[in-house]
Amino acid sequence: MASERNDDDEKARPLLWDGNNPSAGHGGSNIDSLRSKFNLYSNSSKEVDVSISAGALMVGKIRYDVKDIVGATTTKNGFVVHSYPKAAGGCCSSGGARSYKSIRLFCRDSNKSQMWVTSICRFARDLPPGSNPPGVRKMLCYVNPFSGTGSAPQMMERAKPMFQHAGIEPTIIETKKANQVREDIAKLNLEEWDGVIIVSGDGLVVEYINGIMDRKDWESAIARPFGVIPGGSGNGLVHSFNHVAEEAIDEISSIFHILKGKTHRLDLLSYEISGGAQSSSSSSSSSSPSSP
């Protein structure tokens, strides 16, 4: 016997980080801008004009798109902006793969540097002017060392510096048995976390959603966003997610979605088979990728 849950309420659909929600945030004219002068080299007295708005960080005549920036951090003599631009070219509409680029600016005034770091982080997260500085985001990360080629733990190690760039603090749990994630998620206090990250193949994603649906408070719990780093063999769900977000199908692009913090709602199908066993699966809609 099969039954389908088809709730019209948008809140009853799981939230995935996929970086493709243009309706989120505040955008263009509602965000302030900054302009100042900084040094490009620590031992140089020559300054360059630097400005940032909702669209771009301009360093002299060089443009860096804010949509590629995930955050900034202070240094002892200035600050560093963390960006993951796409390479030129690439197949279809996704463009090329993303790679890390740091933008270093030097300043002797630590207060000025901190003000710019706070503002850049606001722009990167599409937060309004005057809002509280973006805080550390606490993420619960499930890593499946048995999925695919067994490379999920190495993927998590490579992701750690990226998380630091965006102010994410991960708590990492390596799974040891089947249904561990489902059992955990069904009983955890999810209010302790800003989201859940799954480093595995499709199976652990289904476990996570089943755990959510096992909860009495599933209607509110399902609004907790989650992200997937492809650590399985086929990674069909990540292929679908990244295609909808017009991103390359690779590890860094998947992590980038999580760093930016924008979400996209997924369709959820729940069914029961004879004997009472219940399962859930998710899929993203390629027909209208930008709508929630």
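Listed values, structure above:
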{"quantity": "Area accessible to solvent at M58, 1.4 Å probe radius, in Å²", "calculated": "50"}
{"quantity": "20 °C / 1.002 mPa s Stokes-Einstein diffusion coefficient of region 69-227, Kirkwood radius on C-alpha pairs, µm²/s", "calculated": "120"}
{"quantity": "Relative contact order (%) - criterion: Cα under 8 Å, at least six apart; region: region 193-256", "calculated": "36"}
{"quantity": "Longest to shortest principal axis, alpha-carbon extents of region 210-265, angstrom", "calculated": "37, 25, 16"}
{"quantity": "Region 102-151: trypsin sites (Lys or Arg not before Pro) in DSSP coil with no more than 12 other Cβ atoms inside 10 Å", "calculated": "R108"}
{"quantity": "Surface/4 of the Cα convex hull for region 154-228, nm²", "calculated": "5.1"}
{"quantity": "DSSP-loop trypsin sites (Lys or Arg not before Pro) across region 144-229, with at most 14 other Cβ within 10 angstrom", "calculated": "K176, K177, K216"}
{"quantity": "Amide hydrogen neighbours beyond the local backbone of N235, cut-off 5 Å, H modeled", "calculated": "D202"}
{"quantity": "Solvent-accessible surface ranking, highest first, for Y84, Y100, Y41 at 1.4 angstrom", "calculated": "Y41, Y100, Y84"}
{"quantity": "List W218, W116, ordered by accessible area with a 1.4 Å probe, largest first", "calculated": "W218, W116"}
{"quantity": "Cα→Cβ-extended label distance, 7 Å offset, between S220 and N43, nm", "calculated": "5.9"}
{"quantity": "Normalised contact order of region 163-226, rounded percent, pairs of Cα under 8 Å and 6 or more residues apart", "calculated": "36"}
{"quantity": "Exposure of E183 as accessible area (Å², to 10), given a probe of 1.4 Å and all protein chains", "calculated": "90"}
{"quantity": "Phi to ³J(HN,Hα) by Karplus 6.51 cos²θ - 1.76 cosθ + 1.60 over region 139-151, Hz, x for Gly, Pro", "calculated": "10, 8, 10, 9, 10, 9, x, 9, 7, x, 8, x, 9"}
{"quantity": "Heavy-atom accessible area order for T149, T118, T175, T73, largest first, 1.4 Å probe", "calculated": "T149, T73, T118, T175"}
{"quantity": "Computed over region 66-144, Cα set: Rg, Dmax in Å", "calculated": "15.3, 46"}
{"quantity": "Cα centroid of region 34-86 to Cα centroid of region 131-145, whole Å", "calculated": "25"}
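The values are calculated or read from the model by the stated rules, or taken from the named source; none is laboratory data. Everything numeric here is computed off the predicted structure, so don't read it as measured data. All Cβ positions, even for glycine, are placed from backbone atoms using ideal geometry, and neighbour counts span all protein chains on display. For the accessible areas, the whole protein counts, side chains as well, though only heavy atoms, and no ligand, DNA or RNA atoms are used. Shrake-Rupley method; radii C 1.70, N 1.55, O 1.52, S 1.80 Å.
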